[in-house]
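Shown next, in structure tokens, is the structure this report addresses.
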Amino acid sequence: MEVIIKSNADEVSREAAAIFRRQLREKTDSVLGLATGSTPVGLYDRLVMMARAGEIDLSHTTTFNLDEYVGLSSSHPQSYAAFMRRHLFDRVSVARWHIPDGKARDIPRLCADYEEAILEAGGIDLQLLGLGSDGHIGFNEPGSSLGSRTRLKTLTARTVADNARYFASPGEVPRHVVTMGVGTIFDARHCLVLAFGEGKAGAVAAMVEGPVTAMVPASVLQMHPVCTLIVDEAAASGLERRDYYRWVYENKPAWQRA
Ligand code: PGA
């Protein structure tokens with residue numbers, strides 16, 4: 001895993017945008033795995049800016065979002081479908097986008113179809129991920145099988161509390177979600193994880209320097225062949241080897257840089 005420490009959230013988004021640009025230059029019809037939450041917002045703003053400036057072209061890409069709340073229709077303002085339209089799809093065009101349907105009647109069918117659609121698209125080239133304060137990726141909460149596929153999950157009380165800021169009251173936060181599994185995420189050819197702020201420092205340390213365990217689903221990325229983690233100083237503050245990660249980045253060969 002490559003760990004990149006940047007001075008602030010804006011610099012993290014800038015570095016992540018450079019990785020997207022490189023991916024799109026290598027493969028214009030890339031299959032992109034996308035995320036929601038506060039973490040990717042700055043990156044999406046940058047991608048929109050770069051697309052408008054003609055620096056990148058997203059119009060041939062196919063996208064798959066990680067997850068969606070069960071019970072919210074795509075028109076509900078807190079659905080992830082609405083989030084993605086607001087932050088990306090209403091601002092730039094992509095060839096095709098996919099988000100699990102929170103109102104699907106047959107959830108197991110929806111999940112199987114989602115897996116099938118990812119396979120049919122040729123698999124995910126670059127998967128963007130936020131990191132939950134409990135170490136989750138997608139909505140794979142602690143205890144999720146590291147081999148899991150897209151399925152229904154029940155959120156932890158902590159995640160419900162973390163996400164309550166978007167809803168009028170914690171009682172309105174759905175308890176259930178459909179999420180790509182840890183195994184689904186692991187199949188992406190490149191995983192790109194972003195994290196900002198002190199609240200993520202414990203999860204970042206456990207993900208990078210702790211044992212690989214289902215108790216910290218993100219820790220499985222230690223076994224992923226191509227994983228990049230970009231964090232700000234606050235989120236890096238629990239890393240014991242942060243001086244080494246800085247040293248590696250400073251001494252990176254020019255051809256490896258995004
Ligand atoms: P956040 O959530 O980006 O809102 O911090 C990350 C996550 O829960 O995956």
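Details
- Pair list, Cβ < 8 Å and 6+ apart or interchain, from the range 32-52 residues that are at positive phi to residues that are open to solvent by less than 10 Å² (accessible area, probe 1.4 Å) and away from the ligand (no atom under 13 Å from the Cβ): none
- Subset of the range 146-182 that is away from the ligand (no atom under 14 Å from the Cβ) and of a type in the set (Val, Ile, Thr) - its residue that is nearest to SER30 (Cα to Cα): THR150
- Selection of the range 183-201 for residues being within 13 Å of the ligand (Cβ to nearest atom) and either over 20 Å from GLU11 (Cα atoms) or out of contact with any helix residue (DSSP H, G or I) (no Cβ under 9 Å at 6 or more places or on another chain) (or both) yields only ILE185.
- Among the residues of the range 77-99, those that are over 16 Å from GLY37 (Cβ atoms) and either open to solvent by 20 Å² or more (accessible area, probe 1.4 Å) or of a type in the set (Gly, Ala, Ser) (or both) comprise PHE89, ASP90, ARG91, SER93, VAL94, ALA95, ARG96, TRP97, HIS98.
- Of the helices (runs of 4 or more DSSP H) entirely within the range 162-248, those holding at least 3 residues that are of a type in the set (A, V, I, L, M, F, W, C) and open to solvent by 10 Å² or more (accessible area, probe 1.4 Å) occupy 201-209.
- Scan the range 138-161 for residues that are open to solvent by 20 Å² or more (accessible area, probe 1.4 Å) and among the β-branched types (Val, Ile, Thr) and the total you get is 2.
- Residue within the range 78-92 that is within 21 Å of GLU26 (Cα to Cα), touching a residue at least 12 places away in the same chain (Cβ under 8 Å) and among the aliphatic types (A, V, I, L, M) present: yes
- Among the candidates ALA51, ALA9, residue that is more than 14 Å from the chain's Cα centre (by Cα), within 16 Å of the ligand (Cβ to nearest atom) and buried (at least 17 other Cβ atoms within 10 Å of the Cβ): ALA9
- Among the residues of the range 24-48, those identified as more than 16 Å from the ligand (Cβ to nearest atom) and part of a loop (DSSP other than H, G, I, E, B) are LYS27, THR28, ASP29, SER30.
The values are calculated or read from the model by the stated rules, or taken from the named source; none is laboratory data. Note that this is a predicted model, so its numbers are computed, not measured. Please note: Cβ atoms are built from the backbone with ideal geometry, for glycine as well, and neighbour counts cover all protein chains shown. Ligands, DNA and RNA are excluded from the accessible area calculation, which covers all protein heavy atoms including side chains. Shrake-Rupley method; radii C 1.70, N 1.55, O 1.52, S 1.80 Å.
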